[in-house]
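Read through the structure below, which is laid out as structure tokens, and then see the notes.
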Amino acid sequence: MKKLYLFFLFAALGLSTMVSAQNQPSPQLTKVLNTLTRVNDQWQQTQSPQSSAFWNWAVYHTGNMELYRLLTHDIGSASQQYKQKASQYLAYSTRWAEYNHWQGATEKDASKWRYRQYGEDAQHVLFGDWQICFQTYIDLYHIAPSKKKVARAIEVMNYEADSKAHDYWWWADALYMSMPVMTKMYKLTGKEKYLEKMYENLLYTDSLMFDASTGLYFRDARYVYPKHRTVAGKKDYWARGNGWVLAGLAKVLQDLPKTNAHYAFFVNKFQVLAKAVAGCQQPEGYWTRSMVDPSQAPGPETSGTALFTYGLLWGINNGLLSETDYLPTVSKAWSYLTTTALQPDGQIGYVQPIGDRAIPGQTVDEHSHADFGVGAFLLAGSEYYRWLDAALKGHRQVTVTFANSASRTRQQVVEVDAAALRKALGASADASLVVKNAAGQELDAQLTYDGKLLIDASVLPQSTWTVYVSVGQPKTMTPSVKGAMYKIRKDDIAWENDRCAYRVYGPALQRTGEKSYGTDVWVKNTSDLILDKRYTEDHQSNVDAAPLEKSGRSIESTYYHANGSFHLDHGNGMDGYGVGPTLGCGAPALLVDGKWTLPYCYQNYEILDNGPLRFTVRLDYGKNPDGVDWHEHRIISLDKGSNFNKITVWYDNLSKTTTLCSGVTLNGQGTEAAGKDYVAYADPTDQPKVHGSEIYVAVLFPYNDVRTGKSPDGRNAIVMLDNYHGQPVTYYAGAAWSRYDIANFDIWKLTVGQAADDYRQPLTVTVK
């Protein structure tokens, strides 16, 4: 399975354009580029390129050259503006290299070259902090070849590669400063000796300061535990030191041939360190200076955080780290870098000054800036751009395949675990998702309150159907389901889909004393959503009729009532199912000691989902008409294209085992039917001669061992679940109309049976 994970809150980025025209960066990519160029411009405008070739300045130039590569290689000639920026950045590093005469430490006599102790003088030629400049010089050489650019690098690194010593890298920083120079020298010369020396040197480094028990590095031999401890007595792993290692390994693996004998060794080191690093991140997205003891030097630190972000993103982008596992980490890290570390004037703050450890009491704040901090930020941002660019182009997607084992076509809304999809996509926990078919056309989809991605699926008999899910901002979809609480009708909660509509009654109605308990049905003969219109029309008809009634003009008032009443069909459906103090279509009830216990109106509600593919509402109930309070709760949902509501009911206050029931109201001379797990009914409507049609209702319990029968009052056909003690139970209830989608009762019974089969044997979903 190809794994991905969003990182950074795409919704926050306003992800709307997946691929920009004519290779122009999308608004999201432009935002990243503008951030990077603003930071780099601020630095270059305030800092002269005529500066030392020592490590701190040289680190900046590795970031500057990475941004140059991004602008020229990754976005090419998409914008004249970026071409000019790239030229500016190239010129800046070139002037710096020329100022330093393409050298690091300048001592000519090799016999005087030193490295075993820290040194900023001219004789420390073999000291890694003076060698990092060669990374940029070699990069500049490849852009515009000239022997002078690499002559000193060849001289120095050739000496080191040919020497018998292998103790050159005795501090963690050297693995960024010098180790990548070895792979660059290999690419420059084709000589394997640089790679062998790199491996030998790293083994020595590991023997001094690598802690195999954690996968982290001590900064150097002076800080190895237990000789050195934090104030709290813990191991002290310096964040920036480990950042140098992770970033250095990324740079090495970028240039190291996969055929090299030690390639797997370096990959393993990178992956082990990445896992250890990710485990030390703070909830705010940064790493503290002492990685496993934040109390040693609390608060954010940018240079280590940026180096970690770069290394982890590089690993993700190059397939060495799972997006599923690591994009949550870099998501938070990038958020910190761009919202806390980045200052309004373009400076990068919270950079610990030059040092070698986490120093208790040292101030690191928004005013703490440094050249190497800017370089690390540019590295991280460039790699983040590459990840985002690939995501926006749709390179990151998972396939979802639905399999239908039935002998008939299955067209229905299907649930897929959104968390699993985001995990597979490497997306953040609240990332928006887009669903497309094989032709690249976007399909209707919905994220639900309980973490599901709904997809409107259609699968032929004994066939499969595949869609493709990616991170992105979905299109605006025409809703097929909708619901609301209608205060204009005494707190009714009503909802509908493209097949039918339903309602339950609320506190305002209960206060009137009217006994209406059940779930009502509004049949429809249109896929349009009509409830808002019908409630408004009914309300207005009552308003218009009221003064006429007061003045005794009953014939005229009757006309107004009829003109707007939702009890009559005005061409799109009606409320013609008599409910009152019954179950209606699917309300639950309890049989306690043979006594019929009905609910009253809901007390509290919460609409959890409201289209475009599913409506969901939670209802909480209080005392019933007999004053009994079982603390009943219901969650009702209705999907596009479905004749049935999914109902989950539970009770918090049942003191003994009882029988849970649900069913349908029986009116007039209708026709009944019952199966092993359902009851169905053809209702003649409340005015058979006026409506000249039938309303079909049913309740089914596909997951339970149940029995069917009649309610004690004989007014309801019911399904009964015995030995019930209050736990959540899910069943289904729904309706249809003979003037719309179900022509007769035989077809309705077939529909009910097929629905029960479908619930028991859902489509098989496979995510890859």
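The values are calculated or read from the model by the stated rules, or taken from the named source; none is laboratory data. Just so you know, these numbers come straight off a predicted model, no measurement behind them. Here Cβ is always computed from backbone atoms with ideal geometry, including for glycine, and neighbour counts include all displayed protein chains.
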Going by what's in this entry, would A161 be described as surrounded by 13 or more Cβ atoms within 10 Å (Cβ to Cβ) and of a type in the set (A, V, I, L, M, F, W, C)? yes
Restricting the range 603-636 to residues that are basic (K, R) and touching a residue at least 24 places away in the same chain (Cβ under 8 Å), which is surrounded by the most Cβ atoms within 10 Å (Cβ to Cβ)? R614
Test: Q669 is over 21 Å from P588 (Cβ atoms) and either surrounded by 20 or more Cβ atoms within 10 Å (Cβ to Cβ) or more than 36 Å from the chain's Cα centre (by Cα) (or both): yes
Restricting the range 681-705 to residues that are without any contact (Cβ under 8 Å) to a residue 40 or more places away in the chain and surrounded by 24 or more Cβ atoms within 10 Å (Cβ to Cβ), which is nearest to the chain's Cα centre (by Cα)? F701
Could you grab the pairs with beta carbons closer than 8 Å, sequence gap of 6+ or different chains, first residue in the range 489-513 and over 23 Å from R614 (Cα atoms), second one part of a strand (DSSP E or B)? P507/Y602; P507/Q603; L509/D492
With the requirement that a residue be in a helix (DSSP H, G or I), more than 50 Å from the chain's Cα centre (by Cα) and without any contact (Cβ under 8 Å) to a residue 40 or more places away in the chain, what does the range 156-166 give you? D162
Go through the range 542-573 and report how many residues are touching a Ser or Thr at 6+ places or on another chain (Cβ under 8 Å) and surrounded by 23 or more Cβ atoms within 10 Å (Cβ to Cβ). 1
Considering S407, S428, which residue is closer than 24 Å to G451 by Cα and either assigned to a loop (DSSP other than H, G, I, E, B) or not basic (K, R) (or both)? S428
Considering only the range 288-309, I want to know if a residue exists there that is under 13 Å from A376 (Cβ atoms) and among the basic types (K, R). no
Residues in the range 117-155 that are touching a Gly at 6+ places or on another chain (Cβ under 8 Å) and not in a loop (DSSP other than H, G, I, E, B): how many? 5
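For the condition in a strand (DSSP E or B), at pLDDT below 95 and not assigned by TED's automatic domain parsing to the domain that holds I647, what is the one hit in V523, V435, V543?
Of the residues listed, the single one that is in a strand (DSSP E or B), at pLDDT below 95 and not assigned by TED's automatic domain parsing to the domain that holds I647 is V435.
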Output yes when any residue across the range 589-597 is outside any strand (DSSP E or B) and surrounded by fewer than 24 Cβ atoms within 10 Å (Cβ to Cβ), and no when none is. yes
Boolean, D528 is under 30 Å from I718 (Cβ atoms) and either of a type in the set (S, T, N, Q) or outside any strand (DSSP E or B) (or both): no
May I ask you to list pairs of residues, at least six apart or on different chains, whose Cβ atoms are under 9 Å apart, with the first in the range 320-342 being without any contact (Cβ under 8 Å) to a residue 24 or more places away in the chain and the second being surrounded by 24 or more Cβ atoms within 10 Å (Cβ to Cβ) and assigned to a loop (DSSP other than H, G, I, E, B)? none
In the set K235, K184, which member is under 39 Å from the mean Cα position of the chain (by Cα), crowded, with 22+ Cβ neighbours inside 10 Å, under 26 Å from Y310 (Cβ atoms) and of a type outside the set (G, A, S)? K184
Note on T35: of the conditions (1) free of Cβ contacts under 8 Å to residues at least 24 places away in the same chain; (2) assigned by TED's automatic domain parsing to the domain that holds W169, unmet is (1)
Counting just the residues of the range 364-399 that are modelled with pLDDT of 95 or more, in a helix (DSSP H, G or I) and of a type in the set (D, E), which one comes out farthest from W57 (Cα to Cα)? E383
How many of the residues making up the range 282-300 are within 21 Å of R229 (Cβ to Cβ) and either touching a strand residue (DSSP E or B) at 6+ places or on another chain (Cβ under 9 Å) or surrounded by fewer than 17 Cβ atoms within 10 Å (Cβ to Cβ) (or both)? 9
In the range 187-217, anything charged (D, E, K, R) and in a loop (DSSP other than H, G, I, E, B) is listed as K191, E192
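Residue-by-condition table, conditions (1) over 26 Å from G63 (Cβ atoms); (2) of a type outside the set (S, T, N, Q):
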| residue | (1), (2) |
| --- | --- |
| M185 | no, yes |
| T189 | no, no |
| L203 | yes, yes |
| L208 | yes, yes |
| F218 | no, yes |
| D236 | yes, yes |
| L249 | no, yes |
| P257 | no, yes |
| H262 | yes, yes |
Show me the strands (runs of 3 or more DSSP E) found entirely inside the range 600-688 where at least 3 residues are polar (S, T, N, Q) and farther than 24 Å from G576 by Cα. 602-610
Look at Y137 and say whether it is buried (at least 24 other Cβ atoms within 10 Å of the Cβ), within 12 Å of A97 (Cα to Cα) and not assigned by TED's automatic domain parsing to the domain that holds G375. yes
Scanning the range 38-85 for residues that are over 22 Å from Y310 (Cα atoms) and among the aliphatic types (A, V, I, L, M), which turns out surrounded by the most Cβ atoms within 10 Å (Cβ to Cβ)? A53
Restricting attention to the range 323-343, and to residues there that are out of contact with any helix residue (DSSP H, G or I) (no Cβ under 8 Å at 6 or more places or on another chain) and buried (at least 20 other Cβ atoms within 10 Å of the Cβ), which single residue is modelled with the highest pLDDT? K332
Residue under evaluation D173, criteria (1) closer than 25 Å to T46 by Cβ; (2) in the same structural domain as L36 (by TED's automatic domain parsing), criterion not met: (1)
Against the definition (modelled with pLDDT of 95 or more, closer than 15 Å to G375 by Cβ, buried (at least 24 other Cβ atoms within 10 Å of the Cβ) and not hydrophobic (A, V, I, L, M, F, W, C)), how does G311 come out, yes or no? yes
Residues (charged (D, E, K, R), over 18 Å from I647 (Cα atoms) and in contact (Cβ under 8 Å) with a residue 24 or more places away in the chain) located in the range 723-758: R739, D741, K749
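Would you mind finding the one in L654, L666, L660 that is touching a residue at least 24 places away in the same chain (Cβ under 8 Å), in the same structural domain as L721 (by TED's automatic domain parsing) and more than 15 Å from D722 (Cα to Cα)?
The match here is L666.
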Does T536 meet the test of being assigned to a helix (DSSP H, G or I) and more than 19 Å from C585 (Cα to Cα)? yes
